[in-house]
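Data block below; observations after.
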Amino acid sequence: MAAVTLDSRKITQRAAFTLLGLAMVITTIPVLFIIIYTILKGGGAVTWEFLTQFPSQAGRAGGILPAIIGTFYLMLGTLIFALPVGVMAGIYLTEYARNNWLTRLINLAIANLAGVPSIIFGLFGLSVFVLAFNFGLSLLAASLTLACQALAMVITTSREAILAVPREYREGSLAIGVTKWQTVRHIVLPQAFPGIITGVVLAISRAAGETAPILVVGAAFLLPHLPQSPFDQFMALPYHLYTVAVHVPNMPKEIVWGVALVLLVVVLSFDMLAAAIRIKTRQRKYL
Amino acid sequence: MCHWLNRSNKEGLATLQEQVTAATVPTTGLRRRLRLGERFIEVWIFLSGLLAIVVLLGIIAILLKEGLPIFAHTPPWKFLFGAKWYPISDPPTFGIAPFVVSTLMVTLVSTVIAVPIGVACAAYLSEVAHRKLAETVKPIIEILAGFPSVMMGFIGLALLSPLVQSAFNLNTGLCGLTAAIMLSLMSLPIIVSVSEDALHVVPKEFKEASYALGATKWETIWHVCIPSALSGIAAAIMLGIGRAIGETMTVLMVAGGALAVPVSPTDPMTTMTAAIASGIGNAVRGGLQYQALFAVGLILFILTLAVNIIAERVLERQKRKFAR
Amino acid sequence: MSINLNVPDISARPVEKCVTKLKTEQVSLFYGSFQALRNITLDIPSRCITAIIGPSGCGKSSLLRLFNRMNDLIPGAKVEGNVELDGIPIYDARIDVADLRKRVGMVFQKPNPFPMSVFENVAYGPRRHGIKNRGQLEEIVEKSLRQAALWDEVKDNLGQSGLALSGGQQQRLCIARVLAVEPEVILMDEPCSALDPVATLKIEDLMRNLSQTYTIIIVTHNMQQAARVSDMTAFLMIEPDRAGVLVEYGPTAQIFTNPKDRRTEDYITGRFG
């Protein structure tokens, strides 16, 4: 009798574990499938000409150079605006802030900022940067919008990276009459640097794939030339993918998959860069 | 011994006092210095610290300023529950019930799909799977979190919608269900990782106690681990919901875009995010439609804020539960 | 009670160097509502080694950290009473804390070299205080490492990571790092507690040499060490409310051979007995 119950319990366990494992497979397979399928379908379209030429026939032919360039400009702009203030905010929270209501408010704001939908950042950017600051539908307005969105992530990762720097290093520096800022600048930041960079690279890669905000603050579908100044309009990969996938009739499928592949490669290569930095610094931790 | 301390205590101290007062003490180098550059940087640091608050308050202010005026045209009640969205008719009608219902429907369906799979996946990774397997699978799931939403929209459009169309025998595969499936895929990474963290902090003693009573591994997971991690899992679910509510591109591309109040998930529909994204380009700045779309943004913002705050509260409680 | 203590005879030291370097008057220290120290009054002579001893948790380290205001780093810390360096009240609002700490350097319990080369570790302080000239820095580094009795062991490889040294070497590197900014006072918070006996003896020798030039205050839980190296000894104890108080302060020989307070005697004999 006892043996029978044990058996049925074992069978239950086996069935349950199979289901759990199935859940894992369901979560994992689409990722691999999407990557492989995109490579297979789009790989043929991605030629040197595709990467280096302007689009023609509303994107049905030619290349996607301006979209690639535009996306890199956006990443650069986001980096320029989000990195200094984000890291400084991380420094404030870890090194200067006291445990008071203001600090709690800042942390609350950061946590909630991280959950604000991207389209809302689009509305914010449209109203503030495009209209109020009169930057127009421009690279500048879009970069600032994406930087606002990236801010929460940059602050959070900077804060964690700075917190991980041992207190002993700070004390060693302060104890020989080095000022607080110098200690932060010469001891804390160099130590926290890999962690900060990991977070920033991730945030930039998110910005590269973001579509909704730049849809609102005015990415262009087709432009005859590359942006010459921050006040020019721009094309961007994710927006280009959206338009050719949804709005252009009689679009050759292979080109759409090609655009998708390029976007995926850009975004995932930055993700991998972040992962590589993280692994590398973890190895260095033997020190 | 120092000479002056050889004497009796009192005498020694007196001598000390004399010496101190007598000595001409150098005051150089201890006076507070200005260090202007440093002060400047510290002000910058402080202002940067405030920036998160500034941006969040700025978002709230903008949504209120641009969105509230619509309620002079359409009362809040009618705005929220009106079933007709005719922004360019004469006179225009602004009822956002179709968008609200679509958002709730898509979110609900995607949550129903994603939660069991996500939690089961987390349980498998943290309790059952070999370390090596888990270490391989986790980065793959992280990649999923990195997929741009427009990419997921495109996949839904190109691959999933034909499947849904034929499976449910629909006129179009671009419907709420297709969007919900894609959204569930997109919220899986956060559900898995937060649930896994929650399962991870369940004290080993709990599990050992269960094994000691003769329970199998599965019984321990089901009766001990998951109940103990419940609040963490709840937080994971809330975060997943927050993500699904706010997602724009995927639903814009695959949910179908119909403006009627949807009855079933297999209807084409327009969520609040998709309504803003598709309408804002054509809206006249400061016009009624522009105001109405910002008001939709305001409601969306409040909704996600509420979900996130609940998630944080729950997570906080989970952390305190096993804090030792 | 007759204990054979190796108390160095320093009565031969010239009188003029025995002026008060640091003094505290009725100093109390609070962490929030918790009082860590109560009414501490003592005078610390220059160019001597003063040891602070007492049971763990009695506030030895807190007292030490009063002298270079390291307690400022702890949120909620509050100091009452007066602490003076060369007669200057160091808790005055007009005091520059960085300059104070440059004059009153500190070595910690756990060796904490920066994750940089040996050279950069020592050059770090002078660099931050504005010395840019490479030759000048090299001079300072060599001098400081020699003073810290580390030069011969590292001179061939100044580029190696400070973290690659042994524990005792790391601690001497930390001492060299402090010496490089030419302080007047060196505070040492249980500098040997993480070290083996050989390394400990090396540091103790070093301290005796340094006390020719510097005022040294050392916190130690090791009474043999206090007896071996110090000229003056302060004995702290915990009151029932967990605040630390100064029980007895005097020449080391007197504290260890002829304590005036019963509690001191109990503590010393209890440990030695």
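The values are calculated or read from the model by the stated rules, or taken from the named source; none is laboratory data. Remember, it's a predicted structure, so these values are computed and weren't measured experimentally. Don't worry about glycine lacking a Cβ; one is built from the backbone with ideal geometry, like all the others, and counts go over all protein chains shown. To get the accessible areas, we keep the full protein, side chains included, count just its heavy atoms, and leave off ligands, DNA and RNA. Shrake-Rupley method; radii C 1.70, N 1.55, O 1.52, S 1.80 Å.
Looking at A:Leu215, A:Leu237, A:Leu202 in this structure, which one is under 30 Å from A:Ala97 (Cβ atoms) and out of contact with any Lys or Arg (no Cβ under 6 Å at 6 or more places or on another chain)? Among A:Leu215, A:Leu237, A:Leu202, only A:Leu202 is under 30 Å from A:Ala97 (Cβ atoms) and out of contact with any Lys or Arg (no Cβ under 6 Å at 6 or more places or on another chain). The single condition from (1) in contact with a Ser or Thr (Cβ under 9 Å, 6 or more places away or on another chain); (2) farther than 14 Å from A:Ile155 by Cα that A:Arg185 fails is (1).
The single residue among C:Thr233, C:Thr200, C:Thr213 that is closer than 28 Å to C:Leu42 by Cα, in contact with a Gly (Cβ under 8 Å, 6 or more places away or on another chain) and open to solvent by 10 Å² or more (accessible area, probe 1.4 Å) turns out to be C:Thr200.
B:Leu104: away from chain A (no Cβ under 14 Å), open to solvent by 60 Å² or more (accessible area, probe 1.4 Å) and under 19 Å from the mean Cα position of the chain (by Cα), yes or no? Here the answer is yes, as B:Leu104 does meet what is asked. Counting only residues that are farther than 19 Å from A:Phe234 by Cβ, under 18 Å from the mean Cα position of the chain (by Cα) and more than 10 Å from chain B (Cβ to nearest Cβ), the stretch A:68-126 holds 1 of them. State whether one or more residues within the stretch B:66-78 are in a helix (DSSP H, G or I), within 7 Å of chain A (Cβ to nearest Cβ) and open to solvent by less than 50 Å² (accessible area, probe 1.4 Å). Scanning the stretch B:66-78, I find at least one residue that is in a helix (DSSP H, G or I), within 7 Å of chain A (Cβ to nearest Cβ) and open to solvent by less than 50 Å² (accessible area, probe 1.4 Å), so the answer is yes.
This table checks each residue for (1) assigned to a helix (DSSP H, G or I); (2) surrounded by 18 or more Cβ atoms within 10 Å (Cβ to Cβ); (3) assigned by TED's automatic domain parsing to the domain that holds B:Glu135; (4) in contact (Cβ under 8 Å) with a residue 24 or more places away in the chain.
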{"position": "B:Leu185", "(1), (2), (3), (4)": "yes, yes, yes, yes"}
{"position": "B:Glu205", "(1), (2), (3), (4)": "yes, no, yes, no"}
{"position": "B:Tyr211", "(1), (2), (3), (4)": "yes, no, yes, no"}
{"position": "B:Trp218", "(1), (2), (3), (4)": "yes, yes, yes, no"}
{"position": "B:Gly232", "(1), (2), (3), (4)": "yes, yes, yes, yes"}
{"position": "B:Gly242", "(1), (2), (3), (4)": "yes, yes, yes, yes"}
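If you go through the stretch B:253-278 and keep only what is under 14 Å from B:Gly95 (Cα atoms) and part of a helix (DSSP H, G or I), you end up with B:Met272, B:Ala275, B:Ile276.
Can you name the residue in the stretch A:112-133 that is free of Cβ contacts under 8 Å to residues at least 24 places away in the same chain and in a helix (DSSP H, G or I) and is also surrounded by the most Cβ atoms within 10 Å (Cβ to Cβ) among such residues? So the residue we want is A:Ile120.
Considered as a group, the residues in the stretch C:236-273 that are in a helix (DSSP H, G or I) and within 14 Å of chain B (Cβ to nearest Cβ) include one that is surrounded by the most Cβ atoms within 10 Å (Cβ to Cβ), and that residue is C:Ile255.
Considering A:His247, A:His225, A:His240, the condition of being within 11 Å of another protein chain (Cβ to nearest Cβ) and surrounded by fewer than 16 Cβ atoms within 10 Å (Cβ to Cβ) is satisfied by A:His247 alone. Of all residues in the stretch C:238-273, those that are in contact with a Cys (Cβ under 6 Å, 6 or more places away or on another chain) and under 26 Å from C:Thr20 (Cα atoms) total 1. When residues in the stretch C:55-87 are screened for being within 15 Å of the chain's Cα centre (by Cα) and either open to solvent by 20 Å² or more (accessible area, probe 1.4 Å) or not hydrophobic (A, V, I, L, M, F, W, C) (or both), 8 of them pass. Counting only strands (runs of 3 or more DSSP E) that sit wholly inside the stretch C:45-107, those with at least 2 residues that are within 14 Å of chain A (Cβ to nearest Cβ) and either within 26 Å of A:Tyr96 (Cα to Cα) or in contact (Cβ under 8 Å) with a residue 40 or more places away in the chain (or both) are C:77-85, C:104-107. Taken together, A:Gly218, A:Gly209 contain a single residue that is within 10 Å of another protein chain (Cβ to nearest Cβ), surrounded by fewer than 23 Cβ atoms within 10 Å (Cβ to Cβ) and within 23 Å of B:Gly281 (Cα to Cα), which is A:Gly218.
Being more than 7 Å from chain B (Cβ to nearest Cβ), part of a loop (DSSP other than H, G, I, E, B), at positive phi and more than 18 Å from the chain's Cα centre (by Cα) is a description that applies to A:Gly59. From the list A:Thr183, A:Thr179, which one is among the hydroxyl-bearing types (Ser, Thr, Tyr) and more than 8 Å from every other protein chain (Cβ to nearest Cβ)? Only one candidate passes the filter, namely A:Thr183. Can you give me the number of residues within the stretch C:181-210 that are at pLDDT 90 or above and either touching a Leu at 6+ places or on another chain (Cβ under 6 Å) or among the small types (Gly, Ala, Ser) (or both)? Result for the stretch C:181-210: 2.
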